[in-house]
Amino acid sequence: MRLLLLARHGQSLFNVDGVVNGDPARDRGLSPLGIEEARKLGAQVAGISIGLCVVSQFPRAQETARLALDGRDVPRHVEPDLDDIRIGALEGRPLDDYRTWKRAHTRKDAFPGGESLDASAVRYADAYERIAARDEDVILCICHEIPVRYAVNAAATSDELDGPLHDVANATPYVFDAAGLARAVHRLRELVRPGSPAGRG
């Protein structure tokens, strides 16, 4: 891989409702604005040859890819390790409930019946490493806010996976070359090791 275009999906119906969703089987897809955002993403990447599109298992990511690449013959690959955070018992709850739980726990604490933020960071690193090893020259990857946020901040060698970039715009590509993606993978793993700054809170 020479270039990765990494993007969050378009606005989802769950985004509109302020509800958290970590189960792809329950995803309700894109909102009308999300459909428009996906088409705008298509215009943003229209001038570049894309050899592969990687998506998560979520319909909102796959629908964004379909709309963005409408009319283009680009192979698709589903990467489950780029799925959104597995939030267990918080599934379908208001976003405020998710934020309240997160503030009261560390990154190492698993959501009830789900996974920890550190565990998700490890699987994101694994997924990005597999993408980096692929033969396609340019890859478009459409997944979710947290894996995009973590990759951007890790590539910038931040001490925090949640900053400085926190709010990731929908359907907006972030560009990584091979070195940048390798740096993100390394830093993701480094930050979740015991005793690391991000691993403590």
### Summary
Picking from D73, D96, the residue that is open to solvent by 70 Å² or more (accessible area, probe 1.4 Å), within 23 Å of D162 (Cα to Cα) and out of contact with any helix residue (DSSP H, G or I) (no Cβ under 9 Å at 6 or more places or on another chain) would be D96
### Query
Pairs under 6 Å by beta carbon, first residue on the phi > 0 side of the Ramachandran plot in region 98-115, partner among the hydrophobic types (A, V, I, L, M, F, W, C), six or more apart or different chains?
G113/A89
### Task
Output the residue which, of all residues in region 40-61 that are closer than 13 Å to V78 by Cα and touching a residue at least 60 places away in the same chain (Cβ under 8 Å), is surrounded by the fewest Cβ atoms within 10 Å (Cβ to Cβ).
L52
### Message
Condition first: in contact (Cβ under 8 Å) with a residue 40 or more places away in the chain and buried (at least 16 other Cβ atoms within 10 Å of the Cβ). Can you find one or more residues in region 153-160 that meet it?
### Response
no
### Task
Taking only region 126-177 into account, find how many residues are farther than 17 Å from R76 by Cα and in a helix (DSSP H, G or I).
13
### Task
Return the residue satisfying two criteria in turn: it lies in region 7-62 and is part of a loop (DSSP other than H, G, I, E, B) and among the charged types (D, E, K, R), and of such residues it is nearest to F111 (Cα to Cα).
D23
### Of all residues in region 161-197 being in contact with a Gly (Cβ under 9 Å, 6 or more places away or on another chain) and in contact (Cβ under 8 Å) with a residue 40 or more places away in the chain, the one that is surrounded by the most Cβ atoms within 10 Å (Cβ to Cβ)
A171
### Query
Does any residue of region 14-36 turn out to be closer than 29 Å to V185 by Cβ, of a type in the set (D, E, K, R), crowded, with 22+ Cβ neighbours inside 10 Å and touching a residue at least 40 places away in the same chain (Cβ under 8 Å)?
no
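The values are calculated or read from the model by the stated rules, or taken from the named source; none is laboratory data. Every value quoted in this text rests on a predicted model; they were computed, and no experiment measured them. Neighbour counts run over all protein chains shown; Cβ positions are idealised from the backbone, glycine included. Side chains included, ligands, DNA and RNA excluded: accessible areas come from the protein's heavy atoms. Shrake-Rupley method; radii C 1.70, N 1.55, O 1.52, S 1.80 Å.
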